[in-house]
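Report on the following structure.
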Amino acid sequence: MRKISLKSKAAIFISIALLIFVAFSIAISFVFYSDAVKLSGVSDAVSSKTQFFIIFTCAEILVAMIIIVLFVYLTGVCVAKPVENLAKVVGGLVYDDELGKETYDSEDTKKKLKDLEISTGDEIEVLYHSLQKMQMDLNEYIVGMREDTWEEEHDNMTMLSNRNKYEKRKKEVYPYVDSIYIACLDIINLRQVNEKLSTEAGDSIITKVARELRRLSSDNIHTYRLEEDNFLIVFCGYTEDEATQILNKWNERVGRLNRATDSFECKLCWGGSYGENDFVVEDIFKRADAEMYCQKMVMKNELGSI
């Protein structure tokens with residue numbers, strides 16, 4: 001949806017106010033001027049015109065006051081209040097003057113920005129989402145600062161983040177984003193690759209998937225290896241359609257994982273789940289894992305897997 005700038009909003013408000021003012025003025029002029037010109041006596045006509053101008057002036061003042069009140073009210077609701085709320089949250093995000101201590105690690109403090117739910121459709125909303133992104137990056141930075149060693153939160157074989165990293169982000173990053181899409185991935189027929197070909201061939205397939213996942217990774221797309229052939233992708237701030245489109249294109253690009261000459265096909269299957277605003281990360285993960293398991297059974301039947 002196209003955003004409306006504050007300048008455009010002000011122009012719209014003023015234009016509407018002027019239209020109301022002109023329309024009201026024309027209506028008043030038509031009514032009282034018509035009555036005045038119908039009078040036959042000169043003195044009566046002058047008196048009527050004087051009365052007309054007095055009433056017309058009072059009407060203009062009344063309309064102007066109404067316009068000012070409406071404009072101030074709309075400006076306060078659409079501009080001043082959102083900015084004031086943002087200032088309060090950002091001002092108290094790191095240091096609480098009343099308590100005299102840092103409060104950033106408080107979960108209630110982190111949720112204040114998300115709970116604002118500003119949707120003004122202009123630069124204020126853009127600023128709001130930018131602050132949310134900044135908060136997510138800051139959360140991510142704090143998570144990184146707390147790491148003891150790189151090895152504890154990364155898989156040595158694939159260099160992807162591991163379950164430990166996911167568990168930290170699940171508590172300290174993901175609950176505070178606008179939306180989240182979690183996709184669980186599994187490699188179909190990897191066991192057959194290990195049994196019929198070799199474990200080295202199976203490891204090469206895992207490495208290939210990990211390489212493609214690293215290419216997909218970004219600030220808002222996090223990839224993990226949870227177990228041997230189980231992977232995880234977390235999309236932060238994407239809509240469900242955007243996330244699934246990215247995932248489908250990526251999966252198509254990865255394609256078949258084993259050799260075309262093999263008597264069986266080895267490929268990826270995935271299941272996903274989406275959450276927006278109020279959500280529980282663990283519930284989304286469980287739904288994604290259940291969806292992945294169902295897709296795995298379907299694909300195994302289609303491929304004739306054992």
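The values are calculated or read from the model by the stated rules, or taken from the named source; none is laboratory data. Because the structure is a prediction, the values reported are computed rather than measured. As a convention, Cβ positions derive from the backbone with ideal geometry for all residues, glycine included, and neighbour counts pool all protein chains shown.
Summary table below
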read-out: Sole exception among (1) free of Cβ contacts under 8 Å to residues at least 60 places away in the same chain; (2) assigned to a loop (DSSP other than H, G, I, E, B) for Asp219, by number; value: (1)
read-out: Number of positions in region 244-253 that are surrounded by fewer than 17 Cβ atoms within 10 Å (Cβ to Cβ) and in contact with a helix residue (DSSP H, G or I) (Cβ under 8 Å, 6 or more places away or on another chain); value: 1
read-out: Index of the failed condition, Pro175 passing every other in (1) at pLDDT 65 or above; (2) not assigned by TED's automatic domain parsing to the domain that holds Tyr274; value: (2)
read-out: One residue from Tyr274, Tyr293 being in a helix (DSSP H, G or I) and surrounded by 11 or more Cβ atoms within 10 Å (Cβ to Cβ); value: Tyr293
read-out: Residue among Ile180, Ile206, Ile233 that alone is farther than 29 Å from Phe264 by Cβ and in contact with a helix residue (DSSP H, G or I) (Cβ under 8 Å, 6 or more places away or on another chain); value: Ile180
